[in-house]
1. Tilt of helix 26-71 relative to the longest C-alpha principal axis of the chain, in degrees (0 to 90, nearest 10)?
2. Check the cysteines of the chain one by one and keep only those with no other cysteine Cβ under 4.7 Å from their own.
3. Starting from 0.36 nm per residue, how many nanometres of slack lie between residue 11 and residue 138 once their C-alpha separation is accounted for?
4. Subtracting the Cα-Cα distance from 0.36 nm times the residue separation, let me have the gained length for residue 100 to residue 84 in nm, one decimal.
5. For residue 31 and residue 59, calculate 0.36 nm times their separation in residues minus their Cα-Cα distance, and state this gained length in nm to one decimal.
6. With mean projected area of the Cα convex hull in nm² defined as stated, name the option among (1) 11.0; (2) 16.6; (3) 9.8 computed from the structure displayed.
7. Ordered by packing density, taken as the mean number of other Cβ atoms within 10 Å over each peptide's residues, highest first, how do 132-144, 105-117 rank?
8. Within a 10 angstrom radius of the beta carbon, how do 49, 84 rank from fewest other beta carbons to most?
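Here, each number is a calculation from the coordinates, and none is a lab measurement. Just so it is clear, the model here is predicted, and its values are computed rather than measured. When we count neighbours, we look across all protein chains shown, and the Cβ atoms used for this are built from the backbone with ideal geometry, even at glycine.
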Amino acid sequence: MRIIPEPLGIAFRRQLRRLSREDAGQSLVETAVSLSILMTFVFVFIEVCLAFYSYGLISELAREGTRYASVHGSTCLTASSVSCTASASTVNSYVTHLGYPNLAGGTMTVNTTFPSGSETPGSQVTVSITYTFPITLALVPHNAITLSTSSTANILQ
């Protein structure tokens, strides 16, 4: 019996079919790995953006606190000649209750000091804020980052 060789095209097609059957699950594995890496980068990016937002938020709160204290010095009077002098606890309460959105859900500590010891015009006021930023990513060893900022201004009245 004589064997007639197959044309080259048919043998090549059979070889391709055999190889394609062996790689049947490859695209599924590649998609799973790629998608998990991509989603990790997306969530890390969101967390970093929240940290920058939180730092900008506490910086703005510190500036608002020093502005409030600088216009409510020891010579501050309302329209009815009632004293409106701001103490350290008043400034702390004002900053805490400003109502800015706390998207990260962390805790904030406000500390107001008068370096010269008085609230007279020309003295300085410093508002320091410490914020504990919670990290909500899975498999991250640290649970929180501490952000801190301060603002100093002269008391105007």
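1. The helix 26-71 is inclined about 10 degrees to the chain.
2. 49 - these cysteines have no disulfide-compatible partner (Cβ-Cβ under 4.7 Å) in the chain.
3. Stretched out fully, the residue 11 to residue 138 stretch lengthens by 40.6 nm.
4. Contour length minus the Cα-Cα distance gives 3.4 nm.
5. Values: separation 28, 0.36 × 28 = 10.08 nm, distance 4.20 nm.
Net length gain for the segment: 5.9 nm.
6. (2)
7. 105-117, 132-144
8. Numbers: 49 11, 84 14.
Ascending Cβ contact count within 10 Å gives the list 49, 84.
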